[in-house]
Amino acid sequence: MIVPDRAGYGASGKLTVPFSVAALADDIETLLAHLDIGSVDLVGLSLGGMIALEFALPDVTT
């Protein structure tokens, strides 16, 4: 199980620019690539759910 901090929360640094759900989904993609993980089951609540949907279906949610 991987439970990353979203940018601006937890131990992650403070955001200095506006963010989008697409940018946060890109952060997840970058993390998974760094960890060399090719397939995942994502779970999210509220904004986390929106990020998971954007990650899974970027062309549908934009």
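The values are calculated or read from the model by the stated rules, or taken from the named source; none is laboratory data. Remember, it's a predicted structure, so these values are computed and weren't measured experimentally. Cβ sites come from the backbone with ideal geometry, for glycine too, and all protein chains shown count toward neighbours. With ligands, DNA and RNA removed, areas are computed over all heavy atoms of the protein, side chains included. Shrake-Rupley method; radii C 1.70, N 1.55, O 1.52, S 1.80 Å.
Brief remarks on what is shown
- Annotation for Ile2 and Met50: the two label points, set 7 Å from Cα along the Cα-Cβ direction, are 2.3 nm apart.
- For Asp5, solvent-accessible area (1.4 Å; no DNA, RNA or ligand), Å²: 80 Å²
- The chain, relative contact order in percent, only Cα pairs under 8 angstrom and at least six apart counted: 27 percent
- Using just its DSSP H runs of length 4 or more, each adding -39500 (n - 2.57), the chain gives a mean residue ellipticity at 222 nm of -13000 deg cm²/dmol after division by all residues.
- What region 23-62 shows is 74 Å² of accessible area per residue, with the surface traced by a 1.4 Å probe over protein heavy atoms.
- Shape index of the chain: Rg/Rh, with Rg the Cα radius of gyration and Rh the Kirkwood radius from the inverse mean 1/r over Cα pairs, equals 0.94.
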